[in-house]
Amino acid sequence: MTKKKNHIDINDLPIGILLVKRDGIVISHSPSVLLLTEKPIPEGCKIDSLFPNLPFKTSKKERMYTFEHSTHGKQYTYRANVKPVERDNFLVWIENITLSSKVERINRILVKLSAIGLESTLPEDFYRLMQEELKTLFDAQNIYLVLFDKSRQRLSLAYVSGTHTINADYPSGNTFALWVAHRGQGVILDQQQMNKLKSKYNLAFYGPPALCWMAVPLKTQNDIVGVLAVQNYQKPNAYDHNDLKVLEFVSAQLTYMIIQKERENELKVAKSKSEEADKLKSAFLANMSHEIRTPMNAILGFSELITRETISPEKKKVYADYITSNGRLLLTLIDDIIELSKIEAGIYTIRRQPLELDSLFNELHQFAINEKKRQKQNILIARDMGNNSGITHILADGERLKQVLLNLLSNAIKFTSQGSVTMGYRIPNNATIEFFVSDTGIGIPKSLQEKIFERFRQADETAQRLYGGAGLGLAISKRLVELMGGRIWVESEPNKGSCFRFTLPLILPNTKNTSHIRPNPKSDYNKITGKTILIVEDNEANINYLSDVVTAAGAKRLTATLGDDALEMVSREHIDVILLDIQLHDTNGLQLIKKFKEKRPHVPIIIQSAYTPNEYIDKALAQGAYGYLTKPIKANELLDLLSKLF
Ligand code: ADP
């Protein structure tokens with residue numbers, strides 16, 4: 001920009017000279033002083049009325065003062081040299097040192113900033129101290145530093161210092177900061193310019209509008225990491241190109257420090273994550289070892305005791321119960337681990353079938369009553385079915401849904417020794433069903449409310465923890481809920497209670513499908529009496545177990561350990577149902593079903609399997625199998641299925 005010929009910039013003319021008396025009265029002055037005072041100097045005027053901030057004092061020696069004075073609405077820094085001359089007068093030499101003093105200050109600040117960068121351990125401390133220093137450089141009510149996330153979609157406010165606060169995290173879409181980042185260059189804007197830009201680019205300004213806004217991008221060689229902005233709410237021309245240069249200079253140094261700090265921080269986060277993982281691994285091993293050893297000890301100990309001849313039959317029964325319940329516990333643990341691995345391996349598919357909500361909750365209620373007895377908790381079990389939406393059936397994977405609810409219920413009962421456990425559901429909108437299990441138990445601190453859904457995490461990870469469990473139930477529940485298309489979370493307050501909630505997509509079955517999904521009438525095993533059941537199984541213990549179960553219900557049983565034997569028996573004997581282990585050593589289960597069906601198309605086949613992928617079971621069902629049971633098979637499950645069949 002070229003200057004007008006006679007235009008004199010106050011900054012280009014840094015010197016004004018005055019001759020004053022001992023009492024400060026101005027005797028004469030150079031014309032340039034008028035540029036500083038911006039008004040004529042009347043006769044008898046005192047120097048301190050012209051420069052109120054100049055602490056004018058006389059002495060025998062030459063003295064130097066630094067003071068602030070504003071001209072054209074802008075603050076400058078001056079140095080006054082006061083020198084005694086003849087006749088008891090003083091020569092006052094005033095020099096604009098704004099630039100040189102700023103350069104000095106900048107140097108000082110940069111040295112300080114690098115010291116802060118080295119010393120402060122938290123980025124927040126670094127930003128706060130940095131801001132305090134910057135405030136000494138600029139006439140600003142508000143200074144803020146925004147950082148972009150990697151995608152530049154969001155701005156996070158590293159620090160705001162000043163009279164107005166701004167939300168800490170906001171979308172960067174249409175902000176002045178992003179505009180400056182795109183521009184790649186610093187800018188000074190007054191309110192009018194800001195309004196123009198605002199309507200031109202549809203920009204948003206967070207916080208109250210400034211009268212003067214100055215901002216520079218924080219640039220690395222290849223990227224822009226953020227924006228540093230200072231704003232003044234009082235003076236429209238608070239900043240000029242010199243300020244901008246200073247801000248640009250400072251921001252270059254800052255960018256370097258910020259990146260250093262971020263790297264340090266990333267390292268710290270990575271370190272603490274790996275320490276956390278280490279801790280988790282140890283906690284998990286300690287847990288698992290405890291969880292496996294405890295029931296194992298009981299099983300081995302009582303198995304030994306039970307064989308002693310001196311033991312009374314009553315005691316034997318008690319010991320046998322201990323062995324069974326501890327065996328179950330172990331099985332649950334193993335099931336949980338396998339379950340989680342299966343989900344994580346992506347083996348699970350969700351099978352949605354019509355499900356009657358009432359019958360589901362009847363079953364859950366019964367479970368909760370038994371569970372509370374088992375855990376010896378004196379609490380109330382309640383149901384709360386929320387709104388009357390008129391919906392009685394939904395389409396859902398009943399087994400998985402039940403699994404999640406049972407898990408939440410047994411946790412709720414485990415962690416509640418007084419009060420109640422309530423289960424229920426509500427339909428908040430026509431696309432969602434929300435299930436919940438709430439309790440009045442020990443509650444979960446806020447800081448752990450997300451963590452407990454991670455595998456092997458427990459709120460109490462100390463060695464002395466009071467409650468058993470391997471920390472897998474919620475991890476499984478979370479994955480199952482997500483697999484079913486929902487979301488799970490907890491609302492809780494320590495010592496008041498917890499409420500676990502999860503949503504599922506609300507899908508309604510065709511009404512004609514719902515008729516066959518009545519709840520099982522209370523088991524009546526009369527229908528099994530007299531029927532002939534062929535057990536095809538190659539494990540001796542399982543053969544004995546299944547035989548005992550069906551004969552106790554009055555059925556006749558035949559057994560075969562090989563596929564060929566079974567086929568021969570099917571041709572020879574009258575058989576009402578085949579109970580088939582789908583994983584016999586010598587035979588392909590699917591082919592065996594096919595051959596059974598060729599020989600006796602009307603004899604139903606129930607598959608029993610230990611760990612079989614869903615697709616395999618689907619194929620077996622497609623070959624004509626009636627249903628399937630998962631090992632270990634519970635007696636009542638088997639008998640229920642047989643009653644239903646007959
Ligand atoms: P586990 O119960 O086997 O430890 P979970 O994954 O089911 O494992 O639960 C993880 C942790 O979450 C528990 O150890 C417990 O600290 C906390 N938790 C779960 N449910 C509740 C509840 N209803 N009340 C209080 N804490 C709970």
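The values are calculated or read from the model by the stated rules, or taken from the named source; none is laboratory data. None of these values were measured; they are calculated from a predicted model. Ideal geometry is used to build each Cβ from the backbone, glycine not excepted, and the neighbour counts take in all protein chains shown. Just so you know, the surface numbers come from the protein's heavy atoms only, side chains and all, with ligands and any DNA or RNA stripped out. Shrake-Rupley method; radii C 1.70, N 1.55, O 1.52, S 1.80 Å.
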Residues of the range 407-424 that turn out to be open to solvent by less than 20 Å² (accessible area, probe 1.4 Å) and within 14 Å of His365 (Cα to Cα), as a count: 7
Selection count, the range 398-413, where residues are within 12 Å of the ligand (Cβ to nearest atom) and under 15 Å from Ile369 (Cβ atoms): 5
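Quick check: anything in the range 8-18 among the charged types (D, E, K, R), part of a helix (DSSP H, G or I) and either under 30 Å from Lys135 (Cα atoms) or modelled with pLDDT of 90 or more (or both)? Write out each step before concluding.
Of the range 8-18, the ones among the charged types (D, E, K, R) are 9, 12.
Next, only the ones that are part of a helix (DSSP H, G or I) stay: none.
No - not one qualifying residue is present in the range 8-18.
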Pairs, first among the acidic types (Asp, Glu) in the range 431-447, second assigned to a strand (DSSP E or B) and near the ligand (Cβ under 6 Å from one of its atoms), C-beta under 6 Å, six or more apart: Asp439/Ser498
Subset of the range 469-491 that is outside any helix (DSSP H, G or I) and within 23 Å of Gln375 (Cα to Cα) - its residue that is farthest from the ligand (Cβ to nearest atom): Val490
Filter result for Gly386 (touching a helix residue (DSSP H, G or I) at 6+ places or on another chain (Cβ under 8 Å), within 15 Å of Phe361 (Cβ to Cβ), modelled with pLDDT under 95 and away from the ligand (no atom under 16 Å from the Cβ)): no
Residues that are closer than 23 Å to Leu244 by Cα and at pLDDT 75 or above, drawn from the range 111-126: Val111, Lys112
Any chance Ile633 is open to solvent by less than 40 Å² (accessible area, probe 1.4 Å), closer than 30 Å to Ser341 by Cβ and touching a helix residue (DSSP H, G or I) at 6+ places or on another chain (Cβ under 6 Å): no
Some residue of the range 45-55 being surrounded by fewer than 16 Cβ atoms within 10 Å (Cβ to Cβ), of a type in the set (Gly, Ala, Ser), within 21 Å of Ser32 (Cα to Cα) and touching a residue at least 60 places away in the same chain (Cβ under 8 Å): no
Every residue from the range 345-363 that is surrounded by 13 or more Cβ atoms within 10 Å (Cβ to Cβ) and within 27 Å of the chain's Cα centre (by Cα): Tyr348, Ile350
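Could you tell me whether any residue of the range 247-256 is outside any helix (DSSP H, G or I), at pLDDT below 90 and touching a helix residue (DSSP H, G or I) at 6+ places or on another chain (Cβ under 9 Å)?
Checked the range 247-256: no residue is outside any helix (DSSP H, G or I), at pLDDT below 90 and touching a helix residue (DSSP H, G or I) at 6+ places or on another chain (Cβ under 9 Å).
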Some residue of the range 325-337 being exposed (fewer than 13 other Cβ atoms within 10 Å of the Cβ) and farther than 30 Å from Leu483 by Cα: no
Unique match (being farther than 26 Å from Glu339 by Cα and in contact with a Gly (Cβ under 8 Å, 6 or more places away or on another chain)) among Asp586, Asp548: Asp586
Residues located in the range 257-293, provided they are modelled with pLDDT of 85 or more and over 27 Å from Ile116 (Cα atoms): Ser274, Glu275
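Only residues that are of a type in the set (Val, Ile, Thr) and over 16 Å from Ile25 (Cα atoms): list them for the range 67-93, please. Reasoning before the result, please.
Of the residues in the range 67-93, the ones of a type in the set (Val, Ile, Thr) are 71, 77, 82, 85, 92.
Across the range 67-93, the qualifying residues are Thr71, Thr77.
Each row is one residue, and each column tells you yes or no for (1) touching a strand residue (DSSP E or B) at 6+ places or on another chain (Cβ under 6 Å); (2) β-branched (Val, Ile, Thr); (3) without any contact (Cβ under 8 Å) to a residue 40 or more places away in the chain.
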residue: Ala541; (1), (2), (3): no, no, yes
residue: Asn544; (1), (2), (3): no, no, yes
residue: Gly554; (1), (2), (3): no, no, yes
residue: Arg557; (1), (2), (3): yes, no, yes
residue: Thr561; (1), (2), (3): no, yes, yes
residue: His585; (1), (2), (3): no, no, no
residue: Lys595; (1), (2), (3): no, no, yes
Top-ranked residue in the range 572-596 [being of a type in the set (Val, Ile, Thr) and modelled with pLDDT under 85; ranked as nearest to Leu642 (Cα to Cα)]: Ile582
Matching residues in the range 252-277 - criterion: being more than 25 Å from the chain's Cα centre (by Cα) and either open to solvent by 60 Å² or more (accessible area, probe 1.4 Å) or touching a residue at least 60 places away in the same chain (Cβ under 8 Å) (or both): Gln253, Leu254, Tyr256, Met257, Ile258, Gln260
Subset of the range 135-158 that is surrounded by fewer than 19 Cβ atoms within 10 Å (Cβ to Cβ) and modelled with pLDDT under 75 - its residue that is nearest to Val230 (Cα to Cα): Ser156
Test for Gly471: is it among the small types (Gly, Ala, Ser), farther than 30 Å from Ala566 by Cβ, at pLDDT below 90 and open to solvent by 40 Å² or more (accessible area, probe 1.4 Å): no
Single residue of the range 56-75 satisfying the filter (within 28 Å of Ala140 (Cα to Cα) and in a loop (DSSP other than H, G, I, E, B)) that is least open to solvent (accessible area, probe 1.4 Å): Gly73
Yes/no for Asp321 being among the acidic types (Asp, Glu), open to solvent by 50 Å² or more (accessible area, probe 1.4 Å) and within 28 Å of Thr440 (Cβ to Cβ): no
Residue selected from the range 425-440 under the condition away from the ligand (no atom under 16 Å from the Cβ) and assigned to a strand (DSSP E or B), by the criterion most open to solvent (accessible area, probe 1.4 Å): Arg426
Of the criteria (1) assigned to a loop (DSSP other than H, G, I, E, B); (2) surrounded by 13 or more Cβ atoms within 10 Å (Cβ to Cβ), which one Tyr78 fails: (1)
Those residues of the range 192-246 which are open to solvent by 40 Å² or more (accessible area, probe 1.4 Å) and in contact with a Cys (Cβ under 8 Å, 6 or more places away or on another chain), in sequence order: Lys235, Pro236, Asn237
Subset of the range 483-502 [in contact with a strand residue (DSSP E or B) (Cβ under 8 Å, 6 or more places away or on another chain) and either open to solvent by 60 Å² or more (accessible area, probe 1.4 Å) or of a type in the set (Ser, Thr, Tyr) (or both)]: Arg487, Glu491, Ser492, Ser498
Any hit, the range 126-134, residues being open to solvent by less than 60 Å² (accessible area, probe 1.4 Å), among the charged types (D, E, K, R), assigned to a helix (DSSP H, G or I) and without any contact (Cβ under 8 Å) to a residue 24 or more places away in the chain: no
For Glu68: the one exception among (1) touching a Phe, Trp or Tyr at 6+ places or on another chain (Cβ under 6 Å); (2) modelled with pLDDT under 90; (3) not small (Gly, Ala, Ser): (1)
